[in-house]
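Colleague: Here it is: the structure, laid out below.
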Amino acid sequence: MAGFLLPPPLILLLSAALGSAAQEAQDDRIRYRILYSDPCEIRSRPWQVALLKGNKLHCGGVLVNEQWVLTAAHCVMSAYNVHMGSEELGRSQKIRATKSFRHPGFSKQTYDNDLMLVKLNSQARLSDSVQKVNLPSRCEPPGTECTVSGWGTITSPEVTFPEELMCTNVTLISSEDCRKVYGDALGNSMLCAGNRDSRSTACIGDSGGPLMCKDTLQGLVSWGRFPCGLINEPGVYTQVCKYVDWINDTMRKHR
C-alpha cells in the first residue's frame, strides 16, 4: 500500500533521531488517534476522493474537474478505482482510471515534485457531495490555519483504518523551522504543517490527500516519519501553489 511513505534519505535518521521517541510511543501502548480528531462530512469536503486498489484504500486525492484527479506521484499504479461523493469508502460513485501523469521532476529518492494527475475514464457527476477543488492563486504564509483530511490510519505504529472520512486542523510551518526537524531532506517544493505539542498528523493511507487553507488547495500529503504522530514532527506536503501552471498545462495537453 502506498501512503505517507518515508523517503530513503530519512531512513538513517530513524534509529538516531527517533529511537527514544518511537520506543516511548510503543511502550505507552496508547492507540493514538493521531490523524484526525473528528469525522467530517463529505459535503464539507466534496472534492475529496480516494484512490482504491480494487476495493482497498491506496491513497487520497482531490477532484480538479470532472475528468481529472490530483494526487501524490508516489501513489502511481497502472489502474485506479476512484471513490467520491461519500464519507464511507464503500458507497457512492466509483470511476475507473487507467491514465496517470506524474510530474517529470518527481524523485523517488527525495520526493521532490511529488504530484500526479490521474485522468478518469468517464466524467464525474457533480453534486452537493462531488465538487471541484479550488486551486491556489498564491502561496499562504506560515501561521495559516488549514485542514487535512483522509481515510488513512488513525493509530500508529499499529494500522487501524476508520470507517469514515476524518479531518483535523493544522498550521503551516516555515521552511526554516521545518528544516530544524528534517534538515536537507526538506526540498524547495515541500510544505510543512502541524501543531506544537500535538500528535495530529497524516499517516499511512493519506498520501495525495488535501491540505486546505482558506478554501484553497495548498498541499498534498507526501511524507513523514514513522511511527506517525510523534510530538513536534510535522507532516510534509507538496506545495501545490508552485505547480498550478503544470497542472493546467498537463490537463490541456492530454484532453
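The values are calculated or read from the model by the stated rules, or taken from the named source; none is laboratory data. Since we're looking at a predicted model, the values are computed, not measured. Areas reflect the complete protein model, heavy atoms only, side chains present, ligands, DNA and RNA absent. Shrake-Rupley method; radii C 1.70, N 1.55, O 1.52, S 1.80 Å.
Colleague: Go through Arg252, Arg225 and list them by solvent-accessible area, largest first, probe radius 1.4 Å.
Modeller: Arg252, Arg225
Colleague: Right, something else. Rounded to a whole number, what is D in µm²/s for the range 104-255 from Stokes-Einstein with the Kirkwood radius over alpha-carbon pairs (20 °C, 1.002 mPa s)?
Modeller: 132
Colleague: Once each part is reduced to its C-alpha centroid, what is the distance from the range 172-194 to the range 206-235 in angstrom?
Modeller: If you average the Cα positions of each part, the centres end up 12 Å apart.
Colleague: Report the relative contact order of the range 122-255, percent, no decimals, based on alpha-carbon pairs under 8 angstrom and at least 6 residues apart.
Modeller: 27
Colleague: How compact and how long is the range 89-136, expressed as Rg and Dmax of its alpha-carbon atoms in Å?
Modeller: Cα-based Rg and Dmax for the range 89-136 come out at 14.2, 40 Å.
Colleague: What does the accessible area per residue of the range 169-251 come to in Å², with a 1.4 Å probe and no ligands, DNA or RNA counted?
Modeller: 34
Colleague: Tell me, what % of the accessible area of the range 82-200 is carbon and sulfur with a 1.4 angstrom probe?
Modeller: Answer for the range 82-200 is 41 percent, counting heavy atoms of protein chains only.
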